[in-house]
Amino acid sequence: MSSDHRTAPPTRGSERETLRAFLDYHRATLTMKCEGLTDEELRQRSMPPSTLSLLGLVRHMAEVERAWFRRVFEDNDAPMVWSDTIDFQAAYDASASTRAEAFTVWEAEAENSRRIEREAESLDLTGRQPRWDREVSLRMVMVHVLLEYGRHNGHADFLREGVDGTVGA
């Protein structure tokens, strides 16, 4: 990994600024964990029978961004990227994937999520979470996605160490 170029979240920002900054910080962390690796290294699995890999995490987080921003606030019927059903596990199988494919989709979904958040008048904006058939707020969605990144960046720490021994944020 190259040097750390992530922007630290504010220590005294508003609720919205803080949530936005932490999401971008965690997005940048996942990017950093994948820096300097070949497609083959990015596809390296953790351990059998798991299909978990760094590239699988990138694909999974693209699905998370889509499911929690696009499907909640724009199009409840938007299809998932790597599954005909709502199967988040399908994204983990990156055996035929490339950095270009996975990162292009993930970055586009993250940018769409940023746009939805920027255009919302407040964190109180609500949308329908189709899997739950319930109304949820933008605040709840941002916290949920932030927790997803935190969880999976922990996996990324171990996966990266397993690929080439690199540790640390």
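The values are calculated or read from the model by the stated rules, or taken from the named source; none is laboratory data. If you're wondering where the values come from, they're calculated on a predicted model, not measured in any experiment. Here Cβ is always computed from backbone atoms with ideal geometry, including for glycine, and neighbour counts include all displayed protein chains. Ligands, DNA and RNA are stripped out before the accessible areas are found, and what is left, the full protein with its side chains, is counted by its heavy atoms. Shrake-Rupley method; radii C 1.70, N 1.55, O 1.52, S 1.80 Å.
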Could you list, bin by bin from short to long, the percent of Cα-Cα pairs of the range 63-138 in 10 Å steps?
18, 48, 27, 7, 0
Using a probe of 1.4 angstrom, how much of the accessible area of the range 1-148 is carbon and sulfur, in percent?
50 percent
For a quick check, take a GNM of the chain with Cα springs below 10 Å and name the residue from 71, 151, 99 with the largest mean-square fluctuation.
151
May I ask for the angle, rounded to the nearest 10°, between helix 138-164 and the longest principal axis of the chain, with both axes built from Cα atoms and the value confined to 0 to 90°?
0 degrees
Could you state how much accessible area residue 105 has, in square angstrom rounded to the nearest 10, with a 1.4 Å probe and all protein chains kept in place?
40 Å²
Can you report the principal axis dimensions of the chain using only the alpha carbons, biggest first, rounded to whole angstrom?
44, 41, 23
Taking only Cα atoms, what is the 0 to 90° angle, nearest 10, from helix 54-65's long axis to the longest principal axis of the chain?
10 degrees
At R0 = 45 Å the Cβ-Cβ FRET efficiency linking residue 86 and residue 167, nearest 0.05, sits at 0.85
Over the range 98-169, what portion of Cα pair distances is larger than 14 Å, expressed as a whole percent?
73 percent
Gain upon complete extension [residue 78, residue 96; 0.36 nm per residue less C-alpha separation]
4.1 nm
Near residue 6, within a Cβ-to-Cβ distance under 10 Å, what is the net charge of the other residues, with Lys and Arg +1 and Asp and Glu -1?
-1
For residue 23, what is the net charge nearby, where nearby means another residue's Cβ is under 14 Å from its Cβ and Lys, Arg count +1, Asp, Glu -1?
0
For residue 122 and residue 35 in one chain, what is 0.36 nm times their gap in residues minus the Cα-Cα distance, to one decimal in nm?
27.9 nm
From the phi angles alone, apply the Karplus equation (6.51, -1.76, 1.60; θ = phi - 60°) to the range 31-42 and give each ³J(HN,Hα) in whole Hz, x where the residue is Gly or Pro.
4, 4, 5, 9, 4, x, 9, 6, 4, 4, 5, 5
Gain in span if fully extended, residue 108 to residue 140, counting 0.36 nm per residue against the direct Cα distance:
9.4 nm
Between helix 99-119 and the chain, what is the angle of the helix's C-alpha long axis to the longest principal axis, kept within 0 to 90° and rounded to the nearest 10?
20 degrees
Square roots of five times the Cα gyration tensor eigenvalues for the range 35-82, Å:
27, 12, 7
Of the residues 150, 127, 36, which exhibits the maximal mean-square fluctuation in a Gaussian network model of the chain defined by a 10 Å Cα contact cut-off?
36
From the C-alpha coordinates alone, can you work out the Kirkwood hydrodynamic radius of the range 1-83, in Å?
14.9 Å
